[in-house]
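All remarks here apply to the structure that follows.
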Amino acid sequence: MPPIPKIPENGTAERILDIAERLVQTRGFNSFSYADIAAELGITKASLHYHFQSKAELGSALIRRYADRFAESLSGIEHDVPRAPAKLQAYADLYAGVLQGKRMCLCGVLAAEYQTLPKPMRQAVIRFFDDNQRWLADVLEQGRAEASLGFPGSADDTAQSILSTLEGAMLVARPYGDVDRFNATAHQLLDSLAA
């Protein structure tokens, strides 16, 4: 598997990533071009290619940055929130926060476009979901051990169900522009896991 390219360390590259992330989260990866980013930044497309040689390289850098930030949020939850049910609520709140900003989970949007993505991006999307599923399974095992969560079957299967439900709830809430729709689904899901 080829390595994900390193994100250049400068302000222009970060601004490119910020704009590209917003465009992916609101329009999709295949619905924007380098021309869109260049116009918004007031630079040439050649300047974009200096920082990210191809759209595939830009997409891989986007996923890595998003996954790194998400992992930092999960570490914060792990550090600051002791009980498993509260960890699950904090996890759902991460999704609600993204939706509140009128965006979608970056990897959720990319999953919808999966077949059209370059292979390194497809692999990075799967890694993001696998990492989230592992984190959720660990939280579920903690909840089972502390008798604060109850669920049939394996923690891994339940983690997959949580991840799928929250991603799907975002998708369904989006056309309504209604975070309450997402929150209602998340609360029902989490309440069903209470011991």
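Coordinate-derived values only; no laboratory data. No experiment lies behind these values; they were computed from the predicted model shown. No Cβ is skipped: glycine too gets one built from the backbone with ideal geometry, and neighbour counts run over all protein chains shown.
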When Ser47, Ser192 are ordered from fewest to most other Cβ atoms inside 10 Å of their Cβ, what list results? Ser192, Ser47
By how many degrees, between 0 and 90 and to the nearest 10, does the Cα long axis of helix 155-173 differ from the longest principal axis of the chain? 60 degrees
Protection proxy (average C-beta count within 10 Å per residue), highest first, orders 37-45, 158-166 as 158-166, 37-45
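How long are the three semi-axes of the equivalent ellipsoid for the chain, computed from the Cα gyration tensor as the root of 5 times each eigenvalue, in whole Å, largest first?
Taking √(5λ) for each Cα gyration eigenvalue gives 33, 17, 14 Å.
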Show me, for the range 67-83, the HN-Hα J-couplings you get by feeding each phi into the Karplus relation (A = 6.51, B = -1.76, C = 1.60, θ = phi - 60°), rounded to Hz, glycine and proline as x. 5, 4, 5, 5, 4, 4, 5, 5, 4, x, 4, 4, 6, 9, 10, x, 8
Put +1 on the Cβ of each Lys and Arg and -1 on the Cβ of each Asp and Glu in the range 1-102; which of Pro85, Ala96, Gln25 then has its Cα farthest toward the positive end of the dipole? Gln25
Tally of Lys pairs whose C-alpha atoms are under 22 Å apart, taken over the chain, 8 or more apart or cross-chain: 5
Assigning unit charges at the beta carbon (Lys, Arg +1; Asp, Glu -1) and nothing else, what dipole magnitude in debye, to the nearest 20, does the chain show about its Cα centre? 620 debye
Quick check: the angle from helix 119-145's long axis to the longest principal axis of the chain, C-alpha only, nearest 10 degrees? 20 degrees
Considering only the other residues whose Cβ falls under 15 Å of the Cβ of Ala186, what net charge follows from Lys and Arg at +1 and Asp and Glu at -1? -2
